[in-house]
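Shown next, in structure tokens, is the structure this report addresses.
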């Protein structure tokens, strides 16, 4: 027996669909509080010292957290090459905006304290705000467009053509999804600031996080209602070949009202995803108000996981629907890498993902504790 045949092709496809979701959740949870903290910076910190305290809450960890973004992009490239080709070319301008915002963050971290000028430092504070708010918004907008279908088409030779535009991405439903993303990450950031700070900054974060936690639950509910009433889903209309070749043109598909809710009716256990989204978010509100900060950030993380899992549960087996012709849509069964590639990547992931989790856990253990404002004033221990 050839080693990669230990796991069936369809099993590997599902495993990599799950791993893609796990990596997206890892990025949203681990880098999400960095983005949320940056978004909150101008609002929860009033003085220069307070802002330096907030910046130093994420200063030692933000670079390491971005490994989840790299892992997610690498997983899409290796396991779902057609998804990589369509999304990274079709969403090119959106990706460029996200990258510019993310590039602003390290520049702002490094340059903010190089001069004493209040104007200089304020400008870099707002750069950190942009570096947090814009990626959070655009990632949510992208997911909103995925749920509606993306305007791409495939030629018989599998050449990809994207017929959309950047501003076409900013439709009402997608913007609503973007606001869900911003709100949930701001809540996550507020919970993190509560853990790492004390005094007025922590109290302002508590006030903002309480509001955004409730707002996330409301916006998530509105997004679900809009998806039910105004956004049509997609369904496969031909026989499903779970181990067939990776060619979307071998199937037929159609737009169908309510199709994104069929999995919930067919597999009742999938309802756990949206329930987790609501319960986690509302529990974060309760725990933030109760000043149970360590539990609050865990609840916020569960809410984020539930919201992202809801998208996957709704769409399966679709990964990227085409609004030009549903037949062009990419699914789990027809857009993956080869059987051997998926197996090799799975073995690599089984080796390196635990290592990443181990060194990440070690870093957080070493750097755990409150940011000391006096140490910042004295120029000791803190980088920013």
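The values are calculated or read from the model by the stated rules, or taken from the named source; none is laboratory data. Every value quoted in this text rests on a predicted model; they were computed, and no experiment measured them. We place every Cβ from the backbone using ideal geometry, glycine too, and count neighbours over all the protein chains shown.
Would you confirm, using the coordinates I've provided, whether residue 140 is touching a helix residue (DSSP H, G or I) at 6+ places or on another chain (Cβ under 9 Å), surrounded by 16 or more Cβ atoms within 10 Å (Cβ to Cβ) and either farther than 25 Å from residue 225 by Cβ or free of Cβ contacts under 8 Å to residues at least 12 places away in the same chain (or both)? In short, no.
Scanning the range 224-238 for residues that are surrounded by fewer than 17 Cβ atoms within 10 Å (Cβ to Cβ), assigned to a helix (DSSP H, G or I) and out of contact with any helix residue (DSSP H, G or I) (no Cβ under 6 Å at 6 or more places or on another chain) returns 225, 228, 229, 230. Being in contact with a helix residue (DSSP H, G or I) (Cβ under 7 Å, 6 or more places away or on another chain), touching a residue at least 60 places away in the same chain (Cβ under 8 Å) and not in a helix (DSSP H, G or I): is that true of residue 42 here? Against the criterion (in contact with a helix residue (DSSP H, G or I) (Cβ under 7 Å, 6 or more places away or on another chain), touching a residue at least 60 places away in the same chain (Cβ under 8 Å) and not in a helix (DSSP H, G or I)), residue 42 does not qualify. Would you confirm, using the coordinates I've provided, whether residue 127 is over 30 Å from residue 161 (Cβ atoms), crowded, with 16+ Cβ neighbours inside 10 Å and without any contact (Cβ under 8 Å) to a residue 40 or more places away in the chain? The answer is yes for residue 127. Among the residues of the range 151-162, write down those that are over 25 Å from the mean Cα position of the chain (by Cα) and within 14 Å of residue 321 (Cβ to Cβ). The answer is 153, 154. The listed residues are 122, 113, and the only one of them that is over 27 Å from residue 310 (Cα atoms), assigned to a helix (DSSP H, G or I) and modelled with pLDDT under 90 turns out to be 113.
Answer with yes or no whether residue 102 is buried (at least 22 other Cβ atoms within 10 Å of the Cβ) and within 21 Å of residue 63 (Cα to Cα). No, not satisfied.
The residues of the range 316-330 that are surrounded by 22 or more Cβ atoms within 10 Å (Cβ to Cβ), in contact with a helix residue (DSSP H, G or I) (Cβ under 7 Å, 6 or more places away or on another chain) and either without any contact (Cβ under 8 Å) to a residue 40 or more places away in the chain or under 30 Å from residue 278 (Cβ atoms) (or both), listed by number, are 319, 320, 329, 330.
Of all the listed residues (113, 117), the sole one being free of Cβ contacts under 8 Å to residues at least 40 places away in the same chain and either over 29 Å from residue 235 (Cα atoms) or buried (at least 19 other Cβ atoms within 10 Å of the Cβ) (or both) is 117. Just so you know, in the range 180-223 the residues that are at negative phi and not in a helix (DSSP H, G or I) include one that is surrounded by the fewest Cβ atoms within 10 Å (Cβ to Cβ), and it is 198.
The residue that is farthest from residue 192 (Cα to Cα), counting only those in the range 288-298 that are touching a residue at least 60 places away in the same chain (Cβ under 8 Å) and assigned to a helix (DSSP H, G or I), is 289.
Of all the listed residues (66, 82), the sole one being closer than 30 Å to residue 194 by Cα and either in contact with a strand residue (DSSP E or B) (Cβ under 7 Å, 6 or more places away or on another chain) or crowded, with 16+ Cβ neighbours inside 10 Å (or both) is 66. Residues that are surrounded by 19 or more Cβ atoms within 10 Å (Cβ to Cβ), part of a helix (DSSP H, G or I) and touching a helix residue (DSSP H, G or I) at 6+ places or on another chain (Cβ under 7 Å) within the range 244-269 comprise 248, 260, 263, listed in sequence order.
When residue 276 is tested against (1) part of a helix (DSSP H, G or I); (2) loosely packed, with under 14 Cβ neighbours inside 10 Å, only condition (2) is not met. For residue 21, the conditions (1) closer than 23 Å to residue 185 by Cα; (2) modelled with pLDDT of 90 or more; (3) crowded, with 21+ Cβ neighbours inside 10 Å are fulfilled apart from (3).
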